[in-house]
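Peer 1: Please read through the structure below; I'll follow up with questions.
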């Protein structure tokens, strides 16, 4: 089997913000007078003109500095905390950068509809992994009936069987007090309700570890390239009921195109906009953006988004 190229899992930052050049005014190229009587008046006029030009040049520079300062302040606000309009604008700019080889008409045709971008600004808690489970409860309507249902036909893993045997009496009493999770014998395989898209396999692992509550009901799908091969993930999706999958754009797109990842129940595509050591998110890297918008533009995904069945949200 040929090795899959993972273009979106480990990337270097290769773009720079363009510098703005300020052009200084040239010297006046008008006529030169030889009359010595006019030398003093000419010097005074030149001095006044220089002061006027200096004042005019100072005004736009001051305005640009103020604009930069405002942009810097806005950049400190997590994407999910910004206004709905600001979120959409950021998403469109990222798409323009990723699809720079497309015409403006082609890019417009691939825009995510405004109605498909979920407004999560009312979520009061910080957008950190500590609050990820609370965020999903907020973002997914009737979340208990969708994310906390166990597959009645699921076979316990060897790890779960071992833990059940070694469980202390105290732990068994504690578990007995818990309200049992709802079960169903008709849950589809490989059809998540939530798809979380991260910038790398390492970050995806951190996200999965932040979902212990939902992992009790169903296994969280690991859809990234770090130590995991496509055939292994295909087998998992074909044989496992999963409510939440976490992965990288390139691998998710691959599994969708192969028909292993089903989108029949998909309600939310959550963009994990965690800032890395360079203070950049997956939307700021062009290479990741290419994979991300290729995934979002896949026919099966685009159909659900435009039909209002699946929304995109920022975390």
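Peer 1: Only one of (1) buried (at least 23 other Cβ atoms within 10 Å of the Cβ); (2) in a loop (DSSP other than H, G, I, E, B) fails for residue 295. Which number is that?
Peer 2: So residue 295 meets the others, but not (2).
Residues checked against (1) in contact with a strand residue (DSSP E or B) (Cβ under 8 Å, 6 or more places away or on another chain); (2) closer than 20 Å to residue 205 by Cα:
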position	(1), (2)
254	no, yes
264	no, no
267	yes, no
271	yes, yes
276	no, yes
302	no, no
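Peer 1: Looking at the stretch 138-158, which of the residues that are in contact with a strand residue (DSSP E or B) (Cβ under 8 Å, 6 or more places away or on another chain) and outside any loop (DSSP other than H, G, I, E, B) is nearest to residue 78 (Cα to Cα)? Reasoning before the result, please.
Peer 2: Of the stretch 138-158, the ones in contact with a strand residue (DSSP E or B) (Cβ under 8 Å, 6 or more places away or on another chain) are 139-140, 144-145, 147-152.
Those left that are additionally outside any loop (DSSP other than H, G, I, E, B): 139, 144-145, 147, 149-151.
Working: 139: 17, 144: 27, 145: 30, 147: 26, 149: 31, 150: 34, 151: 36 Å.
Ranking the qualifying residues of the stretch 138-158, first place goes to 139.
Peer 1: Quick one: is residue 204 within 17 Å of residue 135 (Cα to Cα), out of contact with any helix residue (DSSP H, G or I) (no Cβ under 9 Å at 6 or more places or on another chain) and in the same structural domain as residue 310 (by TED's automatic domain parsing)?
Peer 2: Numbers: within 17 Å of residue 135 (Cα to Cα): yes; out of contact with any helix residue (DSSP H, G or I) (no Cβ under 9 Å at 6 or more places or on another chain): yes; in the same structural domain as residue 310 (by TED's automatic domain parsing): yes.
Taking the combined requirement at face value, the residue satisfies it.
Peer 1: Kindly evaluate residue 213 against the criterion of being part of a helix (DSSP H, G or I), under 26 Å from residue 149 (Cα atoms) and free of Cβ contacts under 8 Å to residues at least 60 places away in the same chain. Walk me through how you get there before you give the answer.
Peer 2: Numbers: part of a helix (DSSP H, G or I): yes; under 26 Å from residue 149 (Cα atoms): yes; free of Cβ contacts under 8 Å to residues at least 60 places away in the same chain: no.
Spelling it out, it is not the case that residue 213 is part of a helix (DSSP H, G or I), under 26 Å from residue 149 (Cα atoms) and free of Cβ contacts under 8 Å to residues at least 60 places away in the same chain.
Peer 1: What are the residues in the stretch 219-250 that are closer than 27 Å to residue 141 by Cβ and surrounded by fewer than 18 Cβ atoms within 10 Å (Cβ to Cβ), if any?
Peer 2: Across the stretch 219-250, the qualifying residue is only 240.
Peer 1: Is it fair to say residue 93 is under 18 Å from residue 77 (Cβ atoms) and out of contact with any helix residue (DSSP H, G or I) (no Cβ under 7 Å at 6 or more places or on another chain)? Don't jump to the end; show me each part of the working.
Peer 2: On the way: under 18 Å from residue 77 (Cβ atoms): yes; out of contact with any helix residue (DSSP H, G or I) (no Cβ under 7 Å at 6 or more places or on another chain): yes.
So residue 93 passes the test.
Peer 1: Something else: Taking residue 89 and the conditions (1) at pLDDT 90 or above; (2) surrounded by fewer than 16 Cβ atoms within 10 Å (Cβ to Cβ); (3) not in a helix (DSSP H, G or I), which numbered condition does it fall short on, given that it satisfies the others?
Peer 2: (3)
Peer 1: Report yes if some residue within the stretch 269-285 is over 29 Å from residue 189 (Cβ atoms), outside any loop (DSSP other than H, G, I, E, B) and either in contact with a helix residue (DSSP H, G or I) (Cβ under 9 Å, 6 or more places away or on another chain) or assigned by TED's automatic domain parsing to the domain that holds residue 92 (or both); otherwise report no.
Peer 2: Let us first name the residues in the stretch 269-285 that are over 29 Å from residue 189 (Cβ atoms), namely 273-281, 283-285.
Now restrict to residues that are outside any loop (DSSP other than H, G, I, E, B): none.
So far as the stretch 269-285 goes, no, none of its residues is over 29 Å from residue 189 (Cβ atoms), outside any loop (DSSP other than H, G, I, E, B) and either in contact with a helix residue (DSSP H, G or I) (Cβ under 9 Å, 6 or more places away or on another chain) or assigned by TED's automatic domain parsing to the domain that holds residue 92 (or both).
Peer 1: What are the residues in the stretch 98-137 that are at pLDDT below 90, in a helix (DSSP H, G or I) and under 21 Å from residue 300 (Cβ atoms), if any?
Peer 2: Within the stretch 98-137, 98, 106, 107, 109 qualify.
Peer 1: State all residues of the stretch 251-268 that are outside any helix (DSSP H, G or I) and surrounded by fewer than 24 Cβ atoms within 10 Å (Cβ to Cβ); if no residue qualifies, say none.
Peer 2: Pass one, the stretch 251-268, residues outside any helix (DSSP H, G or I): 258-268.
If the condition is that a residue be outside any helix (DSSP H, G or I) and surrounded by fewer than 24 Cβ atoms within 10 Å (Cβ to Cβ), then 258, 259, 260, 262, 263, 264, 265, 266, 267, 268 are the ones that fit.
Peer 1: Based on this model, can you work out whether residue 195 counts as assigned to a helix (DSSP H, G or I) and touching a residue at least 40 places away in the same chain (Cβ under 8 Å)?
Peer 2: In short, no.
Peer 1: In contact with a strand residue (DSSP E or B) (Cβ under 8 Å, 6 or more places away or on another chain) and farther than 21 Å from residue 193 by Cβ: is that true of residue 228 in this structure?
Peer 2: Details: in contact with a strand residue (DSSP E or B) (Cβ under 8 Å, 6 or more places away or on another chain): yes; farther than 21 Å from residue 193 by Cβ: yes.
When the stated conditions are applied, residue 228 passes them.
Peer 1: How many residues, within the stretch 111-131, are in contact (Cβ under 8 Å) with a residue 60 or more places away in the chain and touching a helix residue (DSSP H, G or I) at 6+ places or on another chain (Cβ under 7 Å)? Can you show your working first?
Peer 2: First, the residues of the stretch 111-131 that are in contact (Cβ under 8 Å) with a residue 60 or more places away in the chain: 112-113, 115-118, 120, 127, 129-130.
Remaining after also requiring touching a helix residue (DSSP H, G or I) at 6+ places or on another chain (Cβ under 7 Å): 112-113, 116-118, 120, 127, 129.
Final tally of qualifying residues: 8.
The values are calculated or read from the model by the stated rules, or taken from the named source; none is laboratory data. Treat the numbers as computed from the prediction; the structure is a model and nothing was measured. Cβ coordinates were reconstructed from backbone atoms using ideal geometry, including for glycine residues, and neighbour counts include every protein chain displayed.
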